[in-house]
Structure formats: C-alpha cells, structure tokens
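What follows is a set of notes on a single structure, which appears directly below.
The values are calculated or read from the model by the stated rules, or taken from the named source; none is laboratory data. All of these numbers come straight from a predicted model, not from anything done at the bench. Positions of Cβ are generated from backbone atoms using ideal geometry, with glycine treated the same way; all protein chains shown enter the neighbour counts. Only protein heavy atoms, including side chains, enter the accessible area calculation; ligands, DNA and RNA are left aside. Shrake-Rupley method; radii C 1.70, N 1.55, O 1.52, S 1.80 Å.
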Amino acid sequence: MAAKSSTGIPLGAAGPHAVQPLPDKPRFGKPISEPDLAAWNIDVRTPDGQGLPAGRGSVAQGRTVYAAKCVACHGADAKGGPVYGTMVGGIGSFKGAPRVLTPGSMYPYAPILFDYIRRTMPMDRPLSLTANETYALSAYILNLNGLVPANAVMDANTLPKVQMPNRNGFIVDDRPDAKAVRCMTSCK
C-alpha cells in the first residue's frame, strides 16, 4: 500500500527508483544553424559601419516613426520626455560642466546611433524596428542635432560618412596596466 498524506493524497513511492544511465556525452540543446546564427549576428563596426544592414531612411520618414514610436518617452523633438532626457544639443559640452549626454555630444561615429536604436528601442520592444525605421530615426536624430540636412537619407553608405563632433574626443588608453592581450590558443 502506497503512503498517503493526512488528506489522502498519494505520496511518491517509498521504494528505490530506477536509475537511468547517462549518455556518454551531455546533450545540451542542438547545434545552431548558420541562418539561426545570422539572426543574432547584428553587430556593427562603428568606425566604418561594417555590418550595417540593407535599408534606408530619410529625416522626414524618421520624424513620422519618431512620432509613432518614440515621442511618449523622449518628448517632442527629442528634447526630453517623461522617461528619458534630451537627445539634442550638448555638442561641445564635454569640455566643461555640465556635460550634456546626447548622440551629438558623445558618439564618435554615427553607426553607434543606429546600433543602439536597433538593439534597445523601443524600450518595451527592443529589436522590433525594421532597418528602414532605424535608418530613418538615425537620420532624424542626426538632423535635430544639426549634423545632417533636412533632406538627408541614411543607409549603410551614408551613415558612416557623417562627421560626429566628438570623433576626436577620445584618447587611446596606453597605460601599461590597461593593456589586454587576447589569448587565442593555449590560454592559461
């Protein structure tokens, strides 16, 4: 007779359980296919834009996408809203105080803006924007910062050519204790 709880619910068997032999190798998941991997391989090399996808978007299209998907958090004309601060202005503010952190003031390369928007926005649905929408938003924000004209169209060729004001505002950290050497074989 099997054991039961005080309310009459049968409890597990009290005897020994059959032990299943383990396979020779662990079998975690399955090998990933090249198409599956390609969907996650979305990094963009920022100095030259290598890895930017096909697509294009204009400042005018970006204004429309912004009004539909961004204004609630970022406010009118990207000047700050209930969730996020401004994305406009601040150019040159890193030379004094206060520093105003915007794409125009801190990004050394324009493809960073595309990469950031694509990976993180909208906040409640990251990775949901199309390449065309992301290019359009990039064009719109760059225009609001005075970095591209109102008729600009961004794509994989034009975006890396945008000269960002803080491009030369970074220095190489050449301190001896800050060097990192990537180990590729026989690492210890």
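Among the numbered criteria (1) at positive phi; (2) exposed (fewer than 15 other Cβ atoms within 10 Å of the Cβ); (3) not acidic (Asp, Glu), which single criterion is violated by residue 80?
Of everything listed in (1) at positive phi; (2) exposed (fewer than 15 other Cβ atoms within 10 Å of the Cβ); (3) not acidic (Asp, Glu), residue 80 misses just condition (2).
Of everything in the range 61-77, what is open to solvent by less than 30 Å² (accessible area, probe 1.4 Å) and hydroxyl-bearing (Ser, Thr, Tyr)? Give them in sequence order. Working first, answer last.
Taking the range 61-77 first, the residues open to solvent by less than 30 Å² (accessible area, probe 1.4 Å) are 62, 65-66, 70, 74-75.
Correct list: 66 only.
This table checks each residue for (1) in contact with a strand residue (DSSP E or B) (Cβ under 6 Å, 6 or more places away or on another chain); (2) modelled with pLDDT of 75 or more.
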residue: 2; (1), (2): yes, no
residue: 5; (1), (2): no, no
residue: 16; (1), (2): no, no
residue: 20; (1), (2): no, no
residue: 31; (1), (2): no, yes
residue: 40; (1), (2): no, yes
residue: 46; (1), (2): no, yes
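Any idea which of 93, 58 is open to solvent by less than 80 Å² (accessible area, probe 1.4 Å), without any contact (Cβ under 8 Å) to a residue 60 or more places away in the chain and either farther than 19 Å from residue 44 by Cβ or not basic (Lys, Arg) (or both)?
Working: 58 fails: without any contact (Cβ under 8 Å) to a residue 60 or more places away in the chain.
Step by step, each of 93, 58 is checked, and only 93 is open to solvent by less than 80 Å² (accessible area, probe 1.4 Å), without any contact (Cβ under 8 Å) to a residue 60 or more places away in the chain and either farther than 19 Å from residue 44 by Cβ or not basic (Lys, Arg) (or both).
Can we say residue 126 is surrounded by fewer than 19 Cβ atoms within 10 Å (Cβ to Cβ), in contact with a helix residue (DSSP H, G or I) (Cβ under 7 Å, 6 or more places away or on another chain), without any contact (Cβ under 8 Å) to a residue 24 or more places away in the chain and not in a helix (DSSP H, G or I)?
Working: surrounded by fewer than 19 Cβ atoms within 10 Å (Cβ to Cβ): yes; in contact with a helix residue (DSSP H, G or I) (Cβ under 7 Å, 6 or more places away or on another chain): yes; without any contact (Cβ under 8 Å) to a residue 24 or more places away in the chain: yes; not in a helix (DSSP H, G or I): yes.
Here the answer is yes, as residue 126 does meet what is asked.
Kindly provide the set of residues from the range 138-188 that are aliphatic (A, V, I, L, M) and within 12 Å of residue 110 (Cα to Cα), ordered by number.
The initial filter retains those residues of the range 138-188 that are aliphatic (A, V, I, L, M), namely 139, 141-142, 144, 147-148, 150, 152-154, 156, 159, 162, 164, 171-172, 178, 180-181, 184.
Hits for the range 138-188 are 139, 141, 142, 147, 148, 154, 156, 159, 162, 164.
Restricting to the range 136-188, and then to whatever is within 21 Å of residue 90 (Cβ to Cβ) and among the β-branched types (Val, Ile, Thr), can you tell me which residue is most open to solvent (accessible area, probe 1.4 Å)? Spell out the reasoning first.
Of the residues in the range 136-188, the ones within 21 Å of residue 90 (Cβ to Cβ) are 137-150, 152, 154, 159, 162-171.
Filter again for among the β-branched types (Val, Ile, Thr), leaving 141, 148, 162, 171.
On the way: 141: 8, 148: 16, 162: 11, 171: 157 Å².
Within the range 136-188, the match that is most open to solvent (accessible area, probe 1.4 Å) is 171.
If a residue counts only when it is under 25 Å from residue 167 (Cβ atoms), which helices (runs of 4 or more DSSP H) contained entirely in the range 23-108 have at least 1 such residues?
Working: elements: 34-40, 59-69, 71-74, 103-106.
Once the helices (runs of 4 or more DSSP H) in the range 23-108 are filtered for at least 1 residues that are under 25 Å from residue 167 (Cβ atoms), what remains is 59-69, 71-74, 103-106.
Look at residue 105 and say whether it is at pLDDT 90 or above, touching a strand residue (DSSP E or B) at 6+ places or on another chain (Cβ under 8 Å) and of a type in the set (Ser, Thr, Tyr).
Details: at pLDDT 90 or above: yes; touching a strand residue (DSSP E or B) at 6+ places or on another chain (Cβ under 8 Å): no; of a type in the set (Ser, Thr, Tyr): yes.
For residue 105, the condition - at pLDDT 90 or above, touching a strand residue (DSSP E or B) at 6+ places or on another chain (Cβ under 8 Å) and of a type in the set (Ser, Thr, Tyr) - is not met.
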